[in-house]
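The values are calculated or read from the model by the stated rules, or taken from the named source; none is laboratory data. Given the structure is predicted, the values throughout are model-derived calculations rather than measurements. Cβ atoms come from the backbone with ideal geometry, glycine included; neighbour counts cover every protein chain shown. For the accessible areas, the whole protein counts, side chains as well, though only heavy atoms, and no ligand, DNA or RNA atoms are used. Shrake-Rupley method; radii C 1.70, N 1.55, O 1.52, S 1.80 Å.
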Amino acid sequence: MIPNALVGEILKLMIQIFPEIKTVLETFLNISILATSLLPVIIGVLVGIQFKLTQIQTMSVGLATMVGSGVVSFTETGMTMAGIGVVINIGITAAIAVIFVQWIGTRLKDYTLLLMPALSIFIPGLIGMFTLPFVRSGSNYIGVGIMFLTDLQPIVMGMLIAMIFSLLILSPISTIGVATVIMISGIGAGAANLGVCASGVGMAIASYRANNFGTSLAHIASAKIQMRNFFMKPKIAAPTIITAAILGALAGIFKITGDPYSAGFGLAGFVGPL
């Protein structure tokens, strides 16, 4: 997601400033969008590596995950690719694909290279396509609910969302993953981004005496560096949670908005501010 979230936003700005090289810049922008839409394949392959699957098994999981991701849609005019898909369903499809290829194992013998990718597409992949509408609807309802409550009480919800995301960035849970799963947007996304910023900057300031400048600066990109310390002493997050609450309230007051892709980045790569 980073190429499109960071480079893509810069390119969109440059297209407006330098219209004379619009064609060249749009080519680069399209490449970054293409890379983003291949996220399901990357997730599938990384899951396969995590389970120490063989090369053909790993590629089969990647293919099945792409099929069940929701990135690709088919119409009468052809096939289109858009977005990153439904992250929860990507995980479900990848899990089913791993179980499937492990169950097959070496049963196909000399036909493994020929049949395993095809079977992975038509069995785990199709199961993923079947669950996709239900998972997408559930995720959308959560996002719509958050947006509704945020519009109803922007200051209170801004505070709560910012506080939640300030804690999520210190946990093993991906803030970007959560933001894209529920497709959070508007003031909710702006508050979420500020919550991530609060933890990043807060932890950088809190730990600068124990680290060199480079390491302290790295906290701003991701406060997950302090994950172990946070679980050992949760109270170290208290100042950042308070800061996040203040920033979340300000997001509601000044109507600071964002989208699902900016919500979880914080200051990393300046994606949120851009």
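Miscellaneous remarks
- Surface per residue (accessible, 1.4 Å probe) for region 128-274, Å²: 50
- Computed as a quarter of the hull surface, the mean projected area of the alpha carbon convex hull for region 81-214 stands at 12.3 nm².
- Given 13 as the ceiling on other Cβ atoms within 10 Å, longest exposed-site-free region of the chain for trypsin sites (Lys or Arg not before Pro) in DSSP loops: 108-208
- Neighbour net charge for ILE33 - beta-carbon separation under 13 angstrom, K R +1, D E -1: -1
- Residues of region 1-96: accessible area per residue with a 1.4 Å probe, Å²: 56
- If you run the Gaussian network model on the chain, springs between alpha carbon atoms under 10 Å, then out of VAL45, VAL87, VAL156 the most flexible one is VAL156.
- Over the Cα atoms of region 48-136, the radius of gyration divided by the Kirkwood radius equals 1.00; this is the Rg/Rh ratio.
- Between the labelled values (1) 0.99; (2) 1.26; (3) 1.12, the entry that holds Cα Rg over 2.2 N^0.38 Å as derived from this structure is (3).
- Max mean-square fluctuation residue, GNM over the chain, Cα-Cα springs under 10 Å, options ALA97, ALA238, ALA35: ALA238
- Among the lysines of the chain, pairs at least eight places apart or on separate chains and with Cα atoms under 28 Å apart come to 7.
- Heavy-atom accessible surface of the chain: percent carbon and sulfur, 1.4 Å: 74
- Cβ charges +1 (Lys, Arg) and -1 (Asp, Glu), total dipole of the chain, debye: 840
- Note on the chain: with a GNM built from Cα contacts shorter than 10 Å, the maximum mean-square fluctuation among LEU160, LEU114, LEU39 falls on LEU114.
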